[in-house]
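Undergrad: Quick one: structure below, then a few questions.
The values are calculated or read from the model by the stated rules, or taken from the named source; none is laboratory data. The structure displayed is predicted, hence computed values, not measured ones. Backbone-built Cβ (ideal geometry, glycine too); neighbour counts: all protein chains shown. Keep in mind that these areas ignore ligands, DNA and RNA; they rest on the heavy atoms of the full protein, side chains included. Shrake-Rupley method; radii C 1.70, N 1.55, O 1.52, S 1.80 Å.
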Amino acid sequence: MKKYDEIKKVTYQGPKSKEPFAFKYYNPDEIIMGKKMRDHLKFALSYWHTIDYVGADMFGGATGDKNFNLKDPKEIYRKKADFAFELMDKLDIDYYCFHDVDIAPEGKTLQESLDNFNEMVDYLKVLQDKHHKKLLWDTANNFGNKIFMAGAATSPNADIFAVAASKVKACIDADIKLGGTAYVFWGGREGYDTLLNTNMALENDNLARFLTLARDYGRKQGFKGDFLIEPKPKEPTKHQYDFDAATCCNFLRKYDLLKDFKLNIEANHATLAKHDFAHELRVARINGVFSSIDANQGDMLLGWDTDEFPFNVYDATYCMLEVLKEGGFKNGGLNFDAKTRRQSNTSEDILLAYITGMDTFALGLRIAAKIIEDGRIDEFKEDRYRSYKQGIGKKIVDNDITFEELDSYARGLTNIEVESGRQEYLQEIINNIIFSLYE
Ligand code: XUL
Ligand code: CO
C-alpha cells in the first residue's frame, strides 16, 4: 500500500477501481438531481479525532502520535493545522469544523488559553484563504477540563457559567472571523448522574439563559448562521438534557429559541437514544429545525459512542433521502469524526477512513436520488393516506369538523377496511434499487 506522502490527491476512479486511495462513488463535480455531489454532501473535516485523537481508550494510552516530532505546543498546533489543510486538499473536502481546544494548546489561565486560541484562529484564516476552504462551524469544548466536571451552563457553580460564556464568546468571534455558517452546542456534561444532588429546574433554566445570552451576543456581532444543538441521550452523564431531537424541540419551544436554533443530528447519538438515524432527521425536519449532520456511526453491539467512520450504506441512504427531501443543506453540512480505530494508527488510515466515509455517503446520495426518481416509495406513501384527500378525511385535515360530526359519521360506517402496510414490498424495492445501481 502507498504511503501517505505519496498520495497527492484522492480522485474518483469509479466502482471497479481497486485502488485503496481512490473514490469509488464520490465524484465531487458530478451532477446528481441538478446539483454537484460536493454541494449535496458539503463534507466537513472534524478536527478533534482527525487531528488530535491518538488511539487512547479507557484501558490504554496512545497508539499513535500527532505531535510530528515537535516539542513546543504552539509549533505542534501550527503543524496540526498544516496537516488538517493538507488532508482537506488531498481529499477534496471543502469545509472543516473544530472545538476551541482542538486547534490551540490550553494555557495555565483562561486568558492564556484565549490568547493561544485567537492566535491560532488568525493562522487558520491564513490557511483557509490559501487553500480555498471554508469553516462550517466551531464550538467550545466546555466539558474536558476538570472545572466542567459538573457541567458548564448547568454547573452548580456560577463562576463556571461565566468561564463557559467567555469560551463560547471567543468561539462565536472566531466563527464570524472565519465565515462559519453555524455554531454548535453539544451538551458535553449538561446533564446529571443522580437527582439526589441535582436541581433540574434551575439547570434547565440556566441552560436556556446561557443559549439566549450566546444568541443575543452572536446576533449583536452580526452572526447570521444557525445556532445548533447536537442531541445525545447519555455519555458522559447518565442523562443528558439534550436527549434526542424531540426533547430538544420541546426545550427550544419552551424557552422561545426556535427562531435561532436548529439541530446538528449525529448518527451514533441517534442510536444511543434507541432511534434510527433517519428518525432523528425526520423529527428535526418536521419541526423545522434540521440543519446539519455529524455523520459518524456507532456499533450496535457496543452501545457507547464509538464515533466510527461511516460505512453503513443503508443508514447513509435513508439519511440522504431526508437531506434531499429537505431540499439540501443550507447553513449546515455533513461533518465526519472519522475516528480511526485504535489499531489503525497511521496517516494512511486517516485517509482511508475519510475515503470510506465519503464514499458511503456518496453511495447513499446516489441511491437516495434513484429512490426518488423511481417514485414507487413516494407513490405508495401518497396513496396510503388518500382518505385524507376527500370526504371526512379532508374535513379533518382542514380542521373543519367537530367531535359530534365524527361521532355521527362513525356510527354510519358499515364496511371499514385498513389496508396492508406492505413493508415487505417496500423493503424489496429499496434492495432492488441498491443492488441494481451498478448492474
Ligand atoms: C460528542 C460529540 C462532539 C460534538 C461536538 O459525542 O459528538 O464531538 O460533535 O462537540
Ligand atoms: Co458529534
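Undergrad: Within the group A140, A104, which residue is in the same structural domain as A201 (by TED's automatic domain parsing), within 13 Å of ligand 1 (Cβ to nearest atom), touching a helix residue (DSSP H, G or I) at 6+ places or on another chain (Cβ under 8 Å) and not basic (K, R)? It would help to see each step written out before you state the result.
TA: Numbers: A104 fails: within 13 Å of ligand 1 (Cβ to nearest atom).
Exactly one residue qualifies, and that residue is A140.
Undergrad: A further question follows. If you go through segment 268-288 one residue at a time, do you hit one that is touching a residue at least 12 places away in the same chain (Cβ under 8 Å), under 20 Å from F148 (Cβ atoms) and in contact with a Gly (Cβ under 7 Å, 6 or more places away or on another chain)?
TA: No, that holds for no residue.
Undergrad: Sort out for me the helices (runs of 4 or more DSSP H) sitting completely within segment 357-439 that have 3 or more residues that are in contact (Cβ under 8 Å) with a residue 40 or more places away in the chain, within 30 Å of G14 (Cβ to Cβ) and of a type in the set (V, I, T).
TA: Output list reads 423-435.
Here's the yes/no breakdown for (1) at pLDDT 95 or above; (2) under 21 Å from K330 (Cα atoms); (3) charged (D, E, K, R); (4) surrounded by 24 or more Cβ atoms within 10 Å (Cβ to Cβ):
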| position | (1), (2), (3), (4) |
| --- | --- |
| K146 | yes, no, yes, no |
| A170 | yes, no, no, no |
| I176 | yes, yes, no, no |
| Y183 | yes, yes, no, yes |
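Undergrad: Looking at segment 222-236, which of the residues that are over 19 Å from V289 (Cα atoms) and free of Cβ contacts under 8 Å to residues at least 60 places away in the same chain is surrounded by the most Cβ atoms within 10 Å (Cβ to Cβ)?
TA: Per the criteria, the residue is K234.
Undergrad: Inspect segment 4-22 for any residue being touching a helix residue (DSSP H, G or I) at 6+ places or on another chain (Cβ under 6 Å), away from ligand 2 (no atom under 16 Å from the Cβ) and assigned to a helix (DSSP H, G or I) and give the result as yes or no.
TA: Checked segment 4-22: at least one residue is touching a helix residue (DSSP H, G or I) at 6+ places or on another chain (Cβ under 6 Å), away from ligand 2 (no atom under 16 Å from the Cβ) and assigned to a helix (DSSP H, G or I).
Undergrad: Between R189, R215, R209, which is assigned by TED's automatic domain parsing to the domain that holds M120, open to solvent by 20 Å² or more (accessible area, probe 1.4 Å) and within 16 Å of ligand 2 (Cβ to nearest atom)?
TA: Criteria check complete, one pass: R189.
Undergrad: Follow-up question, since we're still on this one. Inspect all residues belonging to segment 307-316 and state whether any of them is within 16 Å of ligand 2 (Cβ to nearest atom) and either on the phi > 0 side of the Ramachandran plot or hydroxyl-bearing (S, T, Y) (or both). I'd like the intermediate steps shown before the answer.
TA: So in segment 307-316, the residues within 16 Å of ligand 2 (Cβ to nearest atom) come out as 307-310, 315.
Adding the requirement that they be either on the phi > 0 side of the Ramachandran plot or hydroxyl-bearing (S, T, Y) (or both) leaves 307.
Yes - at least one qualifying residue is present in segment 307-316.
Undergrad: Restricting to segment 330-344, give me the number of residues that are away from ligand 2 (no atom under 16 Å from the Cβ) and closer than 19 Å to K35 by Cα.
TA: Counting residues in segment 330-344 that are away from ligand 2 (no atom under 16 Å from the Cβ) and closer than 19 Å to K35 by Cα gives 2.
Undergrad: Using beta carbons and a limit of 6 Å, which pairs, at least six apart or on different chains, have the first residue in segment 240-254 and within 18 Å of A278 (Cβ to Cβ) and the second one part of a helix (DSSP H, G or I) and of a type in the set (D, E, K, R)?
TA: Close Cβ pairs (under 6 Å, with a partner that is part of a helix (DSSP H, G or I) and of a type in the set (D, E, K, R)) amount to A245/E280.
Undergrad: Pick from D359, D349, D400: which is more than 35 Å from the chain's Cα centre (by Cα) and either open to solvent by 70 Å² or more (accessible area, probe 1.4 Å) or assigned by TED's automatic domain parsing to the domain that holds I32 (or both)?
TA: D400
Undergrad: Suppose we filter K24, K18 for residues that are within 22 Å of T346 (Cβ to Cβ) and either free of Cβ contacts under 8 Å to residues at least 12 places away in the same chain or outside the structural domain of G328 (by TED's automatic domain parsing) (or both); which single one remains?
TA: K18
Undergrad: Does D256 satisfy being of a type in the set (D, E) and within 25 Å of F336 (Cα to Cα)? It would help to see each step written out before you state the result.
TA: Values: of a type in the set (D, E): yes; within 25 Å of F336 (Cα to Cα): no.
So D256 does not fit the description; no.
Undergrad: Does segment 255-265 hold any residues that are in contact (Cβ under 8 Å) with a residue 40 or more places away in the chain and under 14 Å from the mean Cα position of the chain (by Cα), and which are they?
TA: The answer is K262, N264.
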